[in-house]
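Structure record follows, encoded as structure tokens.
The values are calculated or read from the model by the stated rules, or taken from the named source; none is laboratory data. Treat the numbers as computed from the prediction; the structure is a model and nothing was measured. Glycine gets a Cβ as well: all are built from the backbone with ideal geometry, and neighbour counts include every protein chain shown.
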Amino acid sequence: MITFEGVTKRYPDGTVAVDDLSLQAPTGAITVFVGPSGCGKTTSLRMINRMIDATSGRILLDDQDVRAIDPPTLRRGIGYVIQQAGLFPHRKIVDNVATVPYLLGWDKRKARARAMELLELVGLDSRLAGRYPFQLSGGQQQRVGVARALAADPPVLLMDEPFSAVDPIVRASLQEELLHLQSELHKTIVFVTHDIDEAIKLGDTVAVLRVGGHLAQMAGPATLLSEPADDFVREFLGKDRGIRRLSFVPAKGVRLGSAPADLVVDDDTRPLGWRSNGGLLPYGIFDPERDSLRAALDAALLSPNGTAIAVDGDGHVIGVATRDALDEVLRRHATGPDEQARESDGEVPVTDPRRAES
Amino acid sequence: MNDEPLVRWDWIARNWDNGGPSAIKTLLESHVVMALLPVVFGLLIALPLGVACARWRWLYQPTAGLMNVVYSLPSLVLFSIFLSVTGLTQSTVIIPLTFFTLAVLIPAVVDGLGSVPEHVRQSAVAMGFRPLRRLLQVELPVAVPVVLGGLRVATVSSISLVSVGALIGQGGLGNLFIDGWQRQFYTPIVVGIVLIVLLAVLSDGLLVLAQRLLTPWSRARRRTA
């Protein structure tokens with residue numbers, strides 16, 4: 001647990017970057033600091049590992065004031081990932097990853113063995129280990145950055161806009177990867193971004209900061225979407241809040257009907273399309289076990305007849321959800337946003353890469 | 001003089017190693033010593049001084065200014081000044097040339113450290129490097145290509161400048177020029193020029209080789225950039 005207690009950062013010229021910030025980043029969860037530039041999100045992050053020292057207030061790591069710990073020692077126990085990856089250009093990938101183990105005095109063989117494990121963990125080919133950073137793509141460098149931050153197995157990970165310099169497709173896959181890693185590693189992660197969609201996708205808790213370093217709202221992503229605290233947060237969240245909130249409602253509750261006769265399937269009961277005079281019409285699928293209500297609704301919109309096809313993990317048809325069936329669930333969520341939102345905050349956001357962005 | 005060949009090989013053969021102080025081989029050796037020692041001393045002084053200038057920026061302008069003034073002085077003037085201190089010794093050449101080297105190497109070290117990307121420096125801090133280790137293991141290694149660039153300039157100019165020392169009797173191969181002009185005899189002059197150029201090309205080649213071996217990451221980066 002990372003606790004901010006009335007933390008203020010005031011620069012000598014009078015600029016207040018962070019103003020009386022109090023919040024908690026729970027252990028084992030991803031807390032996102034999001035806001036426009038100048039909101040003090042990066043400053044707040046950097047005060048945790050003392051890259052910047054607070055003017056007043058305290059930051060506690062578990063129960064210890066970070067100010068009581070010698071900065072290099074503190075930092076070796078906290079993983080750090082930055083935007084341009086910040087890899088050392090003169091060191092091979094394996095040695096970049098082994099940076100903190102070397103600093104901690106591990107012997108070279110052990111440090112490199114650990115680095116190789118991590119390259120595998122973040123999905124990088126072991127053949128890249130002997131290369132230099134410039135020989136890797138931006139996305140690969142960013143994975144190396146994550147591997148390096150995890151090398152000494154720190155309980156806390158600080159990530160400062162780590163994915164904002166890569167293209168949207170790579171960014172989406174890095175985000176998925178991070179959620180996947182987190183589901184195994186359960187680190188206490190503080191993640192800074194200016195991208196509200198990224199915040200909502202990754203955050204278990206999202207702290208929205210406004211210019212001048214004030215905390216505007218701190219809540220789970222679903223609550224944030226359904227109950228923005230004020231106009232600033234509402235505006236910052238942007239359009240389509242209602243639809244986006246459905247990403248946090250599991251599709252599991254949708255009543256499924258049996259497949260109608262005009263649904264054409266192959267020998268293996270995988271969908272082929274809707275029968276019509278001219279041939280097959282397009283269709284949309286969702287997996288009730290894994291997908292969100294948003295994905296189910298999207299699947300319905302993709303079918304000309306408005307019926308979403310439910311499939312299992314292997315793509316076999318298990319039923320259909322008519323628009324009426326979807327409506328029932330939607331109405332339930334429209335009438336009781338508060339309880340529903342809170343309920344789903346506790347769950348891992350639905351992040352099926354196949355349809356998350358559809 | 002008209003039927004005199006430009007190069008008299010027999011003179012070279014006789015004077016290559018004649019045992020005297022004016023033997024070509026002896027002059028070549030003293031030239032190498034007087035040209036390269038200033039570069040070595042210069043590097044040893046420029047590294048800490050450059051690091052200090054990069055660390056405390058206010059130090060850099062006065063230091064660079066002083067070095068530029070020294071650099072702008074004709075080498076002969078500096079040699080004459082030191083003549084009164086160190087007399088007719090190699091030091092009279094080596095000390096001023098060390099200053100010239102500093103004028104090139106201090107900015108090279110400062111620029112080299114400045115070439116370290118901010119995100120690299122920041123991530124080194126965030127990983128938990130202490131300042132000295134960060135300097136030795138991250139900042140200086142990343143600065144190597146720029147520093148080596150300065151070292152190449154310093155080395156070649158030092159090799160060339162040693163010859164001026166001939167005017168005070170400590171010029172290495174430069175003594176061959178004086179000899180040649182005085183006697184209107186071109187062979188020593190040609191020998192001097194050829195050997196100095198060869199020395200410069202060889203030293204520069206060795207430094208390029210060193211750069212490739214020391215910084216494989218930088219050569220490849222330039223190729224792909």
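Quick check on A:Ala151: is it touching a residue at least 12 places away in the same chain (Cβ under 8 Å) and surrounded by fewer than 18 Cβ atoms within 10 Å (Cβ to Cβ)? Considered against the rule, which asks whether it is touching a residue at least 12 places away in the same chain (Cβ under 8 Å) and surrounded by fewer than 18 Cβ atoms within 10 Å (Cβ to Cβ), A:Ala151 comes out as no.
Being surrounded by fewer than 14 Cβ atoms within 10 Å (Cβ to Cβ) and of a type in the set (Gly, Ala, Ser), is that true of even one residue in the range B:84-104? Yes. Against the criterion of being surrounded by fewer than 22 Cβ atoms within 10 Å (Cβ to Cβ), farther than 20 Å from B:Glu118 by Cβ and more than 13 Å from every other protein chain (Cβ to nearest Cβ), A:Leu104 does not qualify.
In this entry, A:Gly79 is excluded by the filter for residues that are in contact with a His (Cβ under 7 Å, 6 or more places away or on another chain), surrounded by 21 or more Cβ atoms within 10 Å (Cβ to Cβ), closer than 24 Å to A:Gly105 by Cβ and assigned by TED's automatic domain parsing to the domain that holds A:Leu174. Picking from residues in the range B:121-135 that are at the interface with another protein chain (Cβ under 7 Å from one of its Cβ atoms) and part of a helix (DSSP H, G or I), the one that is nearest to A:Gln142 (Cα to Cα) is B:Ser123.
Scanning the range A:62-82 for residues that are within 7 Å of another protein chain (Cβ to nearest Cβ) and touching a residue at least 40 places away in the same chain (Cβ under 8 Å) yields A:Arg76, A:Tyr80, A:Ile82. Residue pairs, Cβ under 8 Å, 6 or more apart or interchain, first in the range A:167-188 and within 19 Å of A:Leu45 (Cβ to Cβ), second modelled with pLDDT of 90 or more and exposed (fewer than 14 other Cβ atoms within 10 Å of the Cβ). List them. What qualifies is A:Lys187/A:Gly28; A:Thr188/A:Pro26; A:Thr188/A:Thr27; A:Thr188/A:Gly28. Hey, does the range B:57-69 have a residue that's within 14 Å of another protein chain (Cβ to nearest Cβ), over 21 Å from the mean Cα position of the chain (by Cα) and surrounded by fewer than 22 Cβ atoms within 10 Å (Cβ to Cβ)? No, there is no match, as no residue in the range B:57-69 is within 14 Å of another protein chain (Cβ to nearest Cβ), over 21 Å from the mean Cα position of the chain (by Cα) and surrounded by fewer than 22 Cβ atoms within 10 Å (Cβ to Cβ). Does B:Val147 count as within 14 Å of chain A (Cβ to nearest Cβ), crowded, with 20+ Cβ neighbours inside 10 Å and not in a helix (DSSP H, G or I)? No.
Residues that are of a type outside the set (Val, Ile, Thr) and closer than 24 Å to A:Ser37 by Cβ number at least 1 in the following helices (runs of 4 or more DSSP H) confined to the range A:92-189: A:138-150, A:168-185. Could we say that A:Ala321 is touching a helix residue (DSSP H, G or I) at 6+ places or on another chain (Cβ under 9 Å), touching a residue at least 24 places away in the same chain (Cβ under 8 Å), farther than 30 Å from A:Leu209 by Cα and crowded, with 21+ Cβ neighbours inside 10 Å here? So A:Ala321 fits the description; yes.
Can we say A:Arg50 is assigned by TED's automatic domain parsing to the domain that holds A:Lys187, of a type in the set (Lys, Arg) and touching a Pro at 6+ places or on another chain (Cβ under 7 Å)? Yes: the conditions hold for A:Arg50.
When the residues of the range B:166-196 are filtered to those that are hydrophobic (A, V, I, L, M, F, W, C) and not in a helix (DSSP H, G or I), which remaining residue is nearest to B:Thr86 (Cα to Cα)? Once the filter is applied, the top-ranked residue is B:Leu173. Among the residues of the range A:55-91, those that are of a type outside the set (Ser, Thr, Tyr), part of a loop (DSSP other than H, G, I, E, B) and over 27 Å from the mean Cα position of the chain (by Cα) comprise A:Ile69, A:Asp70, A:Pro89, A:His90, A:Arg91.
Just so you know, in the range B:91-120 the residues that are within 14 Å of chain A (Cβ to nearest Cβ) and either within 14 Å of B:Pro74 (Cα to Cα) or assigned to a helix (DSSP H, G or I) (or both) include one that is farthest from the chain's Cα centre (by Cα), and it is B:His119.
Taking the numbered list (1) touching a residue at least 24 places away in the same chain (Cβ under 8 Å); (2) surrounded by fewer than 19 Cβ atoms within 10 Å (Cβ to Cβ); (3) within 27 Å of B:Arg212 (Cβ to Cβ) in turn, A:Thr55 passes all entries but (3).
Whenever a residue of the range A:113-138 is more than 11 Å from chain B (Cβ to nearest Cβ), its partners that are among the acidic types (Asp, Glu) and surrounded by fewer than 16 Cβ atoms within 10 Å (Cβ to Cβ), lying with C-beta atoms within less than 8 angstrom and at least six residues away or across chains, give the pairs A:Leu119/A:Asp125; A:Ser126/A:Glu120; A:Gly138/A:Asp167. Looking across the range A:121-144, just one residue is surrounded by fewer than 16 Cβ atoms within 10 Å (Cβ to Cβ) and under 18 Å from the mean Cα position of the chain (by Cα), and that is A:Gly123.
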